[in-house]
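No value in this document is a laboratory result; all are computed from the given coordinates. Quantities reported herein were computed from a predicted structural model and do not represent experimental measurements. Ideal geometry is used to build each Cβ from the backbone, glycine not excepted, and the neighbour counts take in all protein chains shown.
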């Protein structure tokens, strides 16, 4: 049996190279197809991982805790106390890597010439480190020193819009816990620059304590944002936290940012569709080439059969031929795809389309990300469907009537 | 050695005393100027002219005030604006429009927007007393002119004051009439100014009867406030300044 198999293998291998040009052409088609599948998958994976990390960085975190009504109406009334043993206890969980509590309320910022509405965020600068984009995005001035820092940080676009700049004073107005108007002058100590305009114009940052003083609250916040060691434990932790703190609202990023979730899911589900489209084009090529080579060798197959080779073995030989071709193509395709992903380095710069990208929640550089799941999917689509499609030419070869085949010129 | 030290302390003390006297003086001057046209209570009739390069409109109004915290304004003419009102209690402001029969609380987001379509902001109208408490004052210049003393005062807002201006410069006469109020941005560029155009002796004292507010970078746009009649210490009690009176057409 193994003798036959090795015979079939060597026959198939030699048959492949009997017509070099034809084999190379179809090999090229397979390599190109595999490369396109993997490279595009890496691109889409890169986009969705970018969206995910941006979403988490943009003050979302993995999990957020709010008071019950905050998400419907994010105002000062919907705050919760941090001096809460139960909450403290449940945040002391080994799954949690980092937490940051924030005051986050609507406010108005006024300069000498303009005023605009936005969201005022009071943060503890140390806890916020590594949780959000802020510290790494400071382009002028400095980051907040501590939660009592009397300065504020605003976005570059906002500074332009308000016709103000680093070192100048602006007035922030909001409503305190009794719904009375509170306002105070603040000096701009830092300017941040992100790739997303909405962040630059929509948020200002100040020390947590400073914001609590302004709003006349004490040890109360609007949200606690949580970062996990391992994102796979998210659902589990959300359920735990919610159960331990029934008076609060605990949600994962997917509920907080449904838009990002939908985009990521869309990209993910598109992988298979894309692979099938590429394979459809490739599959016709494979079938066609194999059929051609089968028809060319009608006489030969007739001879084999006359000499006593069973139809099953003939079918097997053609099938092995195509499988060898597919595996060779996959091997080369994977290598080239891997190489081209490495060659793009950090990713591709799409800043020329910055505004359009921003609408899709994307930033300017899109990295390529290859994950095992995508590789397995692309390779198995090609090998499984490829083997299935080559059944037909192989079956055709085995169905030849020896007497007819031998006499065919 | 000791004498040098003493001398130093003495000069420091002198300096401290002189500056504090100066500060009190400047602040007092501003406080007096504000009290001067407000009185304890007042009732006045005035008109406001809003001028733009291609149009101009005028509104007549009645104003009741009590101290700095309470005031009620009612528009009496022209007909289409008649009945519009504005009520100020402490830092809160409401406006009323009879056409829709609704009282609206002016939210903080609108505090810096225009009051009744004029060049005055809601804050200019509501927050006059901030000028006394939340600024440091300094007399820049004292001069004699036409037999009266004129003080030029520089008021710089405190670091945390809810004021966007870099400084304000007020020119006040010794009879407490405000001649000029200039608003500078934090680069020292003039942004807008209030100028007194006419002073008359009415209700027993000299009062600015025409005042004009003008933004520097919008030439040809200004708002004039003309005072026609005023009664000080009129019989106005606290219950005048209520939301129901804001709706009440008799006020």
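Taking each pair of different alpha-carbon atoms in the protein assembly as shown once, compute 1/r for the pair, average those values, and report the inverse of that mean as the Kirkwood hydrodynamic radius in Å to one decimal. Intermediate values should be presented prior to the final figure.
Numbers: mean 1/r = 0.0315 Å⁻¹.
Result for the protein assembly as shown, one decimal place: 31.8 Å.
Evaluated at q = 0.09, 0.10 Å⁻¹, a Debye calculation over the C-alpha positions of the stretch A:69-246 (equal weights, vacuum) places log10 I(q)/I(0) at -0.33, -0.40. Shielding value for A:109-115 is 6, the average number of Cβ atoms from other chains within 10 Å of each residue's Cβ.
What does the helix-only formula give at 222 nm for chain A: each DSSP H stretch with n ≥ 4 adding -39500 (n - 2.57), the total divided by the residues, and the result rounded to the nearest 500 deg cm²/dmol?
Values: 16 runs with 216 residues, N = 409.
After summing the helix terms and dividing by residue count, I get -17000 deg cm²/dmol.
What is the calculated FRET efficiency for residue A:353 to residue A:262, with r their C-beta to C-beta distance and R₀ = 25 Å, to the nearest 0.05? E between residue A:353 and residue A:262, to the nearest 0.05, is 0.75.
For residue A:404 and residue A:331, what is the calculated FRET efficiency with R₀ set at 56 Å and r taken between the beta-carbons, to the nearest 0.05?
Values: r = 38 Å, r/R0 = 0.68.
Efficiency computed from Cβ-Cβ geometry: 0.90.
Counting only other chain Cβ atoms within 10 Å of each residue's Cβ, the peptide B:113-123 averages 1. Taken along the Cα-to-beta-carbon direction at a fixed 7 Å, the label points for residue A:18 and residue B:76 span 11.3 nm. Neighbouring Cβ atoms from other chains, within 10 Å of the Cβ of residues in B:241-249, number 0 on average.
For chain B, the spread of Cα positions along the three principal axes, ordered from largest to smallest, is 80, 42, 40 Å.
Here the stretch A:37-80 is treated as a sphere whose radius is the Kirkwood value from Cα pairs; by Stokes-Einstein at 10 °C and 1.306 mPa s it diffuses with a coefficient of 124 µm²/s. The stretch B:205-230 and the stretch A:38-54 have Cα centres lying 62 Å from one another. Put a dot 7 Å past the Cα of residue A:89, heading toward its Cβ, do the same for residue A:388, and the two dots end up 5.5 nm apart. Counted over the stretch A:69-246, the DSSP beta bridges are approximately 75% antiparallel.
Relative to the longest principal axis of the Cα atoms of chain B, the long axis of helix B:2-38 makes an angle of roughly 20 degrees.
Angle check, please: helix A:372-389 long axis (alpha carbons) against the longest principal axis of chain A (alpha carbons), in degrees 0 to 90, nearest 10. With both axes taken from Cα atoms, the answer is about 30 degrees. Please determine, in degrees from 0 to 90 and to the nearest 10, the orientation of helix A:20-55 with respect to the longest principal axis defined by the Cα atoms of chain A, where the helix direction is its Cα long axis. Its long axis makes an angle of about 10 degrees. Centroid-to-centroid, using Cα positions, the stretch A:5-24 and the stretch B:68-113 are 92 Å apart. Ellipsoid semi-axes for the stretch A:186-233, based on the Cα gyration tensor and the rule √(5λ), read 24, 21, 9 Å when sorted largest first.
State the percent of C-alpha pairs, over all pairs in the stretch A:15-61, separated by a distance greater than 15 angstrom. Each step should come with its number before you reach the end.
Working: 686 of 1081 pairs.
I get 63 percent for the Cα pairs in the stretch A:15-61 exceeding 15 Å.
The stretch A:122-158 and the stretch B:152-202 have their alpha-carbon centroids 35 Å apart.
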